[in-house]
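Below is one structure; the comments refer to it alone.
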Amino acid sequence: MHNLKEQVLEANLELVRRGLVIYTWGNVSAIDRAKGLVVIKPSGVKYECLTADDIVVLDLEGKVVEGRLKPSSDTPTHLEIYKAFPYAGAVVHTHSTYATAWAQAGLDLPCLGTTHADCFHGPIPCTDSLDFNALAVGYEKETGLAIIRRFEGLDPAETPAALVRNHGPFVWGKDAPGAIYNAVVLEEVARMAAITLGINPAAGCPSELQEIHYMRKHGPKATYGQ
Ligand SMILES: [Zn+2]
């Protein structure tokens, strides 16, 4: 598990370098699917003090199997995402400004151009409010379940991000660097969309153009890169 711990440590530090996180407002985890073990940042430890030994290993039921610190308080949300979305190899949660602003506005983040379409297939869904009658399962677990309910009929591999209403983004990827990339791009396209709709509230992007750009990078006939 040492490699995965190093990856998760590096991914957590990358969130800070990319300006997506201040104080301890974010967390990254990754999963070893063969072992069924999740590796996650400990709760409330300053990023500048984090070492690979601080990273916590737990099973999909949340039982800690390695590490002396408490795992991130958002762990149950991460676990629900791993259980429901086999594509997810890593999960990132931040309160990055623009993605969080969309979550607080309670709106799906629309695709307004090719920057968004290169990374995400369609809008980034915003969840409904939590089911406050279901909080007996735990607030963080219900947060994960709200994401999964919103993804009914959607492909989490094509739309690897969710805006949790009144809270912020949860983003995933096939591995930790991929999930970080998606989180950085999400923040950037959320910022662009806010500016775009400020200039022209009626702005939109033809679905044909969205398809061309998404498929150029992700489709079976992807042509982007070497
Ligand atoms: Zn949060």
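Coordinate-derived values only; no laboratory data. Bear in mind that the values here come from a model prediction, so they are computed numbers and not experimental data. Positions of Cβ are backbone-derived with ideal geometry, glycine not excepted, and every protein chain shown enters the neighbour counts.
Condition (residue is exposed (fewer than 14 other Cβ atoms within 10 Å of the Cβ), closer than 26 Å to Glu152 by Cα and charged (D, E, K, R)) applied to the stretch 64-72: is it met by at least one residue? Checking the stretch 64-72: not a single residue is exposed (fewer than 14 other Cβ atoms within 10 Å of the Cβ), closer than 26 Å to Glu152 by Cα and charged (D, E, K, R). So which residues in the stretch 97-113 are within 14 Å of the ligand (Cβ to nearest atom) and within 11 Å of Ala161 (Cβ to Cβ)? Passing the criteria: Ala99, Ala103.
Go through the stretch 21-76 residue by residue and tally those that are in a loop (DSSP other than H, G, I, E, B), touching a Gly at 6+ places or on another chain (Cβ under 6 Å) and of a type outside the set (A, V, I, L, M, F, W, C). If you could, list the steps in order and put the result at the bottom.
Step one: filter the stretch 21-76 for residues in a loop (DSSP other than H, G, I, E, B), giving 21-25, 33-36, 41, 43-46, 50-51, 55, 60-63, 67-70, 72-74.
Cutting the leftovers down to touching a Gly at 6+ places or on another chain (Cβ under 6 Å) gives us 24, 60.
When the remaining residues are screened for being of a type outside the set (A, V, I, L, M, F, W, C), the result is 24.
Count: 1.
Scanning the stretch 182-210 for residues that are touching a residue at least 24 places away in the same chain (Cβ under 8 Å) and acidic (Asp, Glu) yields a total of 2.
Does Ala103 fit the bill of being within 25 Å of Pro206 (Cα to Cα) and in a helix (DSSP H, G or I)? Break it down stepwise before answering.
On the way: within 25 Å of Pro206 (Cα to Cα): yes; in a helix (DSSP H, G or I): yes.
Answer is yes for this residue.
Counting only residues that are in contact with a Phe, Trp or Tyr (Cβ under 7 Å, 6 or more places away or on another chain) and over 17 Å from Ala176 (Cα atoms), the stretch 71-110 holds 2 of them.
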